[in-house]
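One structure is given below, encoded as C-alpha cells.
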Amino acid sequence: MFGSKKLDFLAVGDITTDAFIRLKDASVHCNIDNEKCELCVRFADKIPYEFVEVLRAVGNSPNAAVSAARLGLKSGLVTNMGDDQNGKECLDVLKAEKISTKFVTQHKGKETNYHYVLWYEADRTILVKHQAYTYTLPDIGSPKWLYISSMGEHTLDYHTAIINHVNKHPEIKVAFQPGTFQINLGVEKLAALYKRVEVFICNKEEAQKILATDSTDIKNLLEKVHELGPKIVLITDGPKGAYVLENGTTLFMPPYPDPKPPYERTGAGDAYASTFVCALALGKNPAEALQLAGINSMSVVQQIGAQRGLLTKKAIEEWLKKAPPDYQPKAL
C-alpha cells in the first residue's frame, strides 16, 4: 500500500471480530469497595437481548493501527488470522482504513479469532478465545514506531523474535501496551522488552498486577514501572484521568468532559494509549499528547466498539479548541 515508504507506525498483536450482545435483563453485584463486580443473569433460563452488532478487525493492536491511520500516519499491522470468511472481512476493514496489510499472515484451514461482548449499561464483559497460530515474525524492516500489544498464549518465542529485531534496529522506537497474557507472563520473562521500551502504557490495576503490589500511590507505581526500563510511563485511571512520568516529571491529565453519558466503554484505553503514542510520532511532547489522547478516548465511548469514535487529527484539534480552561496537564 505504501510501496517502499517506511511506515510511521506498525502495530503488532492479535486481531478479532467482536460480536456485541446488548443485554437488558441482567444485574451487577459488587463487593463493598465496588471494585470486584460480577455480571449476573438468571441461570438455566432464556435471557432476552436487545440486539447484536458485529465489528470486524478489532483488538488492541488493530485499534491502534486504525487510530494511527486516522491521525494521518502511515500505519501497518502485524497479525495472524485464518483464511475463513471472517478473516477476509477483517482484511477488507483494514484496507478500507488505509492500513498496510503487508505483514498480515493468513493460516490455511484456521479460524480467525471471534469474541463475544456481553454489553450491559455502559460497560462490557468479553468472552475471549485466541486461536493457536504458529507465530513467525515477518521481515518488518525499520518502522519509526513499533506498537506491541495483546497476543494469545504460547507466544513467548514470538516476543523473543520481536525483541531481537528491535535490538538489531535501535532506530525503532517501541511502545508497549501489554495485554492479559503479556501481563501474566511476568516481568522477568519480558525483561528485555521492558528495557527496550520508549513508551509503556497500562491502567492502574494492570500496573499493580505487573508490579505485584497493592499500592495505590500513583507516583510510586509510575516510578517502579520506569525502573523496569521504559523511558516514558503512562498509567490511565479510567474516568479519573491519566498520569505520565518522563525525565523525573509527573503529570496528571484530567478527562475531557463527556458531551453526554458514555454509550459503551470498549476501546477507551486503546484510544488513549494509541493516541498518546501517535501524538509523539507527530512531534508532540507528552503534555500535548495527553490532551489529544483524552479527546479521542472521550469520543470512542460515545459510540459502540473501539474504532467508530476514533477521530482525525483535525477533529481532535477542533475539540481541543472547545476544551474547558482546566483541561490542562498538571505537574504533581
Legend entry - Antiparallel content of DSSP bridges confined to the chain, in %, to 5: 45 percent
Legend entry - For the chain, size of Cβ-based charge dipole, Lys and Arg +1, Asp and Glu -1, in debye: 1000 debye
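Scan segment 17-107 for chymotrypsin sites (Phe, Trp or Tyr not before Pro) in coil per DSSP, keeping those whose Cβ has at most 12 other Cβ atoms within 10 Å, and list them by number. Intermediate results must be reported in sequence, preceding the final value.
Numbers: sites: PHE20, PHE43, TYR49, PHE51, PHE103; in loops: PHE43, PHE103.
Filter output for segment 17-107: PHE43.
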Legend entry - THR160 paired with GLU53, simple spin-label distance in nm, labels 7 Å along Cα-to-beta-carbon: 4.3 nm
Inset, instruction - Go from 0 up to the bin containing the longest alpha carbon distance in segment 239-312, width 5 Å each, and give me the % of pairs per bin. - result: 3, 18, 28, 25, 15, 8, 3, 1
Inset, instruction - Compute the FRET efficiency between LEU39 and ASP217 as 1/(1 + (r/R0)^6), taking r as their Cβ-Cβ distance and R0 = 35 Å, and round to the nearest 0.05. - result: 0.70
Legend entry - Rh by Kirkwood over Cα pairs, then Stokes-Einstein D for segment 197-287 at 0.890 mPa s and 25 °C, µm²/s: 179 µm²/s
Legend entry - Dipole-positive endmost among SER150, ALA287, VAL233 within the chain (Cβ charges, Cα centre): ALA287
Legend entry - Candidates ALA242, ALA315, ALA175: whichever shows maximal mean-square fluctuation once the chain is modelled as a Gaussian network with Cα springs under 10 Å: ALA315
Inset, instruction - Please sort 257-267, 56-66 by packing, taking for each peptide the average over its residues of neighbouring beta carbons within 10 angstrom, highest first. - result: 56-66, 257-267
Inset, instruction - With r as the distance between the Cβ atoms of LYS330 and GLU111 and R0 = 35 Å, compute the FRET efficiency 1/(1 + (r/R0)^6) and round to 0.05. - result: 0.15
Legend entry - For segment 155-241, size of Cβ-based charge dipole, Lys and Arg +1, Asp and Glu -1, in debye: 200 debye
Legend entry - Gaussian network model of the chain, Cα within-10 Å springs - most flexible of TYR256, TYR158, TYR272: TYR158
Legend entry - Neighbourhood charge, 12 Å Cβ-Cβ cut-off, centred on LEU320 and excluding it, Lys, Arg +1 and Asp, Glu -1: +2
Inset, instruction - Run through all the Cα pairs of the chain and give the fraction in each 20 Å bin from 0, expressed as whole percent. - result: 32, 61, 7
Inset, instruction - May I ask for log10 I(q)/I(0) of segment 159-202 at q = 0.26, 0.32, 0.33 Å⁻¹, from a Debye sum over the Cα atoms as equal point scatterers with solvent left out? - result: -1.00, -1.32, -1.35
Legend entry - Solvent-accessible area per residue for the chain (1.4 angstrom probe, square angstrom): 48 Å²
Inset, instruction - Let me know the whole percent of all Cα-Cα pairs from segment 59-192 that are separated by more than 17 Å. - result: 63 percent
Legend entry - Karplus-derived HN-Hα couplings along segment 118-124 (A = 6.51, B = -1.76, C = 1.60, θ = phi - 60°), whole Hz, x at Gly and Pro: 8, 9, 10, 6, 9, 10, 8
Inset, instruction - About the Cα centre of segment 286-328, how large is the charge dipole given +1 on each Lys and Arg Cβ and -1 on each Asp and Glu Cβ? Please answer in debye to the nearest 20. - result: 180 debye
Inset, instruction - Just the number, please: carbon plus sulfur as a percent of the accessible area of the chain, 1.4 Å probe, no ligands or DNA/RNA counted. - result: 50 percent
Inset, instruction - Return the single residue from LYS110, LYS322, LYS168 with maximal mean-square fluctuation; model: Gaussian network over the chain, springs between Cα atoms under 10 Å. - result: LYS322
Legend entry - the chain - percent relative contact order, Cα under 8 Å, separation 6 or more: 16 percent
Legend entry - Highest-first arrangement of 86-95, 199-208, where packing means the average Cβ count within 10 Å: 199-208, 86-95
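The values are calculated or read from the model by the stated rules, or taken from the named source; none is laboratory data. In this text the structure is predicted, and so the values were computed from the model without any measurement. Methodologically, a virtual Cβ is constructed for each residue, glycine included, from the backbone with ideal geometry; neighbour enumeration extends over all protein chains shown. Calculation scope for accessible area: heavy atoms of the full protein, side chains included, ligands and nucleic acids excluded. Shrake-Rupley method; radii C 1.70, N 1.55, O 1.52, S 1.80 Å.
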